[in-house]
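Undergrad: I'd like to ask you about the structure that follows.
The values are calculated or read from the model by the stated rules, or taken from the named source; none is laboratory data. Everything quoted here is computed from the prediction, not taken from an experiment. Cβ sites come from the backbone with ideal geometry, for glycine too, and all protein chains shown count toward neighbours.
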Amino acid sequence: MCWLEILGFLTALILIFKSVYNLGHFVYVNFLGRLLGHGLDISKCGPWAVVTGATDGIGKSYARLLAAKGLNVVLVSRTPAKLQKVADEIKSEYGSIEIKTIAVDFTDGNSIYSKLETELSQLEIGILINNVGMAVGFAEAFADIADEKSLNDVVNCNMLSMVRMSRLVLPQMIKRKKGVIVNIGSISGLFATPLATMYGATKAFVDKFSCDLSSEVRESGVIVQTVHPGFVVTNMSKLRRATWTIPTPDRFVAAALSTLGLTDRTSGFWFHSIQLYWGELVRFIFPETMAYFTIKFMKSYRQRVLNRQSKSK
């Protein structure tokens with residue numbers, strides 16, 4: 001057997017092993033792990049959950065489903081009336097838990113965190129959901145964004161909020177040797193996202209920050225998980241109808257919570273995991289082709305949503 005045949009055989013062996021490993025990991029994280037009861041019991045991490053961006057979409061569903069698991073919940077968002085409405089809804093559904101609300105605007109930057117520290121310092125926080133986020137423009141070229149303030153807003157909301165909130169809760173978690181931080185990223189942060197440049201770039205930061213922080217604190221007993229959703233029925237996605245590939249926020253969050261303790265990096269929902277796998281494979285083999293098809297998709301997606309909006313008027 002010549003050296004080329006040996007090289008080909010070893011390459012094929014590595015590819016087969018990698019494929020089998022990826023398939024096994026997918027099945028374990030998304031299905032088998034929860035059936036075997038290997039997931040994390042969140043209630044043992046601490047009595048309080050903190051959820052940012054808690055009045056809508058994925059954040060609201062995290063708050064509801066954590067309350068369903070018996071955790072007291074701190075709802076953090078911008079609008080007091082919306083916060084109170086969500087608090088009342090959760091309290092009426094799960095009356096035995098405590099609910100706190102904190103109204104802050106994460107686009108205000110560093111000025112809000114002294115208030116948050118004061119409000120949270122006396123609570124034993126078991127899990128923090130860094131969910132708050134925003135997009136700037138809508139499938140819009142970066143050079144065409146007229147509102148320069150919105151560029152700072154998206155950085156403060158998508159990046160600074162995660163860094164500062166994590167910094168607030170980490171010392172007590174490390175001291176207790178238990179706790180969970182979940183950072184909500186996006187599949188958009190893992191691939192080229194022309195026409196969503198600022199959003200994709202800030203979500204790429206979420207992934208990098210979370211992966212490195214996870215390695216730092218793992219030996220302290222603290223879990224840092226990154227969740228990279230694909231399309232979910234939310235106001236941000238502008239999607240209104242759920243399908244078997246596009247879940248509702250409740251369905252998505254239920255699936256994502258079941259992966260805690262099984263993996264530190266997930267798409268949360270089984271179909272999004274498949275999308276992520278194939279996307280990373282295509283990007284590795286054909287990086288320029290991936291960017292080409294992404295911008296075509298973004299233009300088409302923008303036009304479809306604009307068409308729906310014009311018909312609804």
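Undergrad: Please determine, by comparing only the residues of region 110-137 that are among the β-branched types (Val, Ile, Thr) and farther than 14 Å from Val51 by Cα, which one is surrounded by the most Cβ atoms within 10 Å (Cβ to Cβ).
TA: Val136
Undergrad: Only one of these conditions is not met by Asp144: (1) more than 20 Å from the chain's Cα centre (by Cα); (2) in contact (Cβ under 8 Å) with a residue 40 or more places away in the chain. Which number is it?
TA: The failed condition is (2).
Undergrad: Residue check: is Gly179 buried (at least 19 other Cβ atoms within 10 Å of the Cβ) and within 30 Å of Phe297 (Cβ to Cβ)?
TA: Answer is no for this residue.
Undergrad: Hey, could you check region 1-59 for residues that are small (Gly, Ala, Ser), part of a loop (DSSP other than H, G, I, E, B) and in contact with a helix residue (DSSP H, G or I) (Cβ under 9 Å, 6 or more places away or on another chain) and say which is modelled with the lowest pLDDT?
TA: Restricting to residues being small (Gly, Ala, Ser), part of a loop (DSSP other than H, G, I, E, B) and in contact with a helix residue (DSSP H, G or I) (Cβ under 9 Å, 6 or more places away or on another chain), the top hit is Gly39.
Undergrad: Something else about it: Would you mention how many residues in region 229-255 are of a type in the set (Asp, Glu) and free of Cβ contacts under 8 Å to residues at least 60 places away in the same chain?
TA: 0
Undergrad: Just give me the residues in region 221-250 being modelled with pLDDT of 90 or more, among the polar types (S, T, N, Q) and touching a helix residue (DSSP H, G or I) at 6+ places or on another chain (Cβ under 6 Å), in sequence order.
TA: The one that is modelled with pLDDT of 90 or more, among the polar types (S, T, N, Q) and touching a helix residue (DSSP H, G or I) at 6+ places or on another chain (Cβ under 6 Å): Thr226.
Undergrad: Among what's in region 89-109 and is hydroxyl-bearing (Ser, Thr, Tyr) and in a loop (DSSP other than H, G, I, E, B), pick the residue that is surrounded by the most Cβ atoms within 10 Å (Cβ to Cβ). Give the derivation first.
TA: Residues of region 89-109 hydroxyl-bearing (Ser, Thr, Tyr): 92, 94, 96, 101, 107.
Then drop every residue that is not in a loop (DSSP other than H, G, I, E, B), which leaves 94, 96.
On the way: Tyr94: 18, Ser96: 8.
Among residues in region 89-109 that are hydroxyl-bearing (Ser, Thr, Tyr) and in a loop (DSSP other than H, G, I, E, B), the one surrounded by the most Cβ atoms within 10 Å (Cβ to Cβ) is Tyr94.
Undergrad: Among the candidates Thr202, Thr263, single out the residue that is touching a residue at least 12 places away in the same chain (Cβ under 8 Å) and closer than 23 Å to Lys177 by Cα.
TA: Thr263
Undergrad: Give all pairs with beta carbons closer than 8 Å in which a residue from region 151-163 that is under 15 Å from Arg78 (Cβ atoms) meets a residue that is in a helix (DSSP H, G or I) and of a type in the set (Lys, Arg); count only pairs at least 6 apart in sequence or on separate chains.
TA: As it stands, the answer is Asn158/Lys203, since those pairs meet every condition given.
Undergrad: Separate question: Could you tell me whether region 119-137 includes any residue that is assigned to a loop (DSSP other than H, G, I, E, B), in contact (Cβ under 8 Å) with a residue 40 or more places away in the chain, of a type outside the set (Gly, Ala, Ser) and in contact with a Pro (Cβ under 9 Å, 6 or more places away or on another chain)?
TA: Checking region 119-137: at least one residue is assigned to a loop (DSSP other than H, G, I, E, B), in contact (Cβ under 8 Å) with a residue 40 or more places away in the chain, of a type outside the set (Gly, Ala, Ser) and in contact with a Pro (Cβ under 9 Å, 6 or more places away or on another chain).
Undergrad: Right, another one. Would you mind finding the one in Ser19, Ser43 that is touching a strand residue (DSSP E or B) at 6+ places or on another chain (Cβ under 9 Å) and surrounded by fewer than 17 Cβ atoms within 10 Å (Cβ to Cβ)?
TA: Ser43
Undergrad: Consider only pairs whose beta carbons are under 8 Å apart and that are at least six residues apart or on different chains; among these, list those whose first residue lies in region 291-305 and is closer than 9 Å to Pro194 by Cα and assigned to a helix (DSSP H, G or I) and whose second residue is modelled with pLDDT under 80 and of a type outside the set (Ser, Thr, Tyr).
TA: Once the first residue is closer than 9 Å to Pro194 by Cα and assigned to a helix (DSSP H, G or I) and sits in region 291-305, its partners that are modelled with pLDDT under 80 and of a type outside the set (Ser, Thr, Tyr) give Met298/Ala139.
Undergrad: Only helices (runs of 4 or more DSSP H) wholly contained in region 176-286 count here; list those with 1 or more residues that are of a type in the set (S, T, N, Q).
TA: Those helices (runs of 4 or more DSSP H) span 197-217, 270-285.
Undergrad: Given the criteria in contact with a Lys or Arg (Cβ under 7 Å, 6 or more places away or on another chain), farther than 26 Å from Glu280 by Cβ and either surrounded by 12 or more Cβ atoms within 10 Å (Cβ to Cβ) or of a type in the set (Lys, Arg) (or both), does Val51 qualify? I'd like the intermediate steps shown before the answer.
TA: Numbers: in contact with a Lys or Arg (Cβ under 7 Å, 6 or more places away or on another chain): no; farther than 26 Å from Glu280 by Cβ: yes; either surrounded by 12 or more Cβ atoms within 10 Å (Cβ to Cβ) or of a type in the set (Lys, Arg) (or both): yes.
No.
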